[in-house]
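First up is the structure itself, then whatever we jot down about it.
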């Protein structure tokens, strides 16, 4: 909630400045989803859904959480042998 | 993650052998191919066993060559015999899923009470599926494949 206040203030300050700069003809200002980046900068959190709607087989969405909240994360799996058949071995990274 | 991946691999092999014994390719896949499992985004801490059913699903999806729908997310520890065990962070995980546009959530049956305690505004637009066994997960992911 503290950050909400901070960001609302930031929007108000920018608008106030805008009005003062154009004090001759102040225009009504509308803040919406499209132009809010102009006032408070880029979003802090981006979606981490980087596969589209139809990923290759072997990709599944998991859920994780820590002290800062939760997030979705992909689990990717592929086969890692092509020329010769493998032996059912498993390699884990990340 | 290493241990949950190993458990998932063993269980996925057993699962495929049991339910797909006529499908030679699917049955042989995990036995013969080398696999690589990757958990992208190093920034997110992800130790703990709660990805068990997800890793299993990734392997089964790969072996059957069937993609998993992307509006489903799941969490749950898996035992060697495919029982789905309780996990933590139900509230955080549910909120993350809602934020990312997930429609169906698969949770362990043992976490049903944690979901019941969540306020309704968090659960809006989500459908919850509570599972006890891995085969329940499979039926939700691939409703058109009969076990």
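What follows draws every value from the coordinates through simple rules; no lab data is involved. Just so you know, these numbers come straight off a predicted model, no measurement behind them. Here Cβ is always computed from backbone atoms with ideal geometry, including for glycine, and neighbour counts include all displayed protein chains.
Which fully enclosed helices (runs of 4 or more DSSP H) of region B:1-88 have 2 or more residues being facing chain A (nearest Cβ under 10 Å) and without any contact (Cβ under 8 Å) to a residue 12 or more places away in the chain? Reasoning before the result, please.
Values: elements: B:2-19, B:24-32, B:52-64.
The qualifying helices (runs of 4 or more DSSP H) are B:2-19, B:24-32.
Checked against the criterion of being within 17 Å of residue A:49 (Cα to Cα), buried (at least 23 other Cβ atoms within 10 Å of the Cβ) and within 14 Å of another protein chain (Cβ to nearest Cβ), the candidates B:103, B:93 yield just one match: B:93. If you go through region A:24-68 and keep only what is facing chain B (nearest Cβ under 8 Å), outside any loop (DSSP other than H, G, I, E, B) and surrounded by 15 or more Cβ atoms within 10 Å (Cβ to Cβ), you end up with A:59, A:60, A:61, A:62, A:63, A:64, A:65. One residue is enough: does region A:7-23 have a residue meeting the conditions under 30 Å from residue B:31 (Cβ atoms), without any contact (Cβ under 8 Å) to a residue 60 or more places away in the chain and either more than 7 Å from chain B (Cβ to nearest Cβ) or touching a strand residue (DSSP E or B) at 6+ places or on another chain (Cβ under 8 Å) (or both)? Scanning region A:7-23 turns up no residue that is under 30 Å from residue B:31 (Cβ atoms), without any contact (Cβ under 8 Å) to a residue 60 or more places away in the chain and either more than 7 Å from chain B (Cβ to nearest Cβ) or touching a strand residue (DSSP E or B) at 6+ places or on another chain (Cβ under 8 Å) (or both).
Within region B:116-134, being out of contact with any strand residue (DSSP E or B) (no Cβ under 7 Å at 6 or more places or on another chain) and either under 20 Å from residue B:58 (Cα atoms) or outside any loop (DSSP other than H, G, I, E, B) (or both) holds for B:116, B:120, B:121, B:122, B:123.
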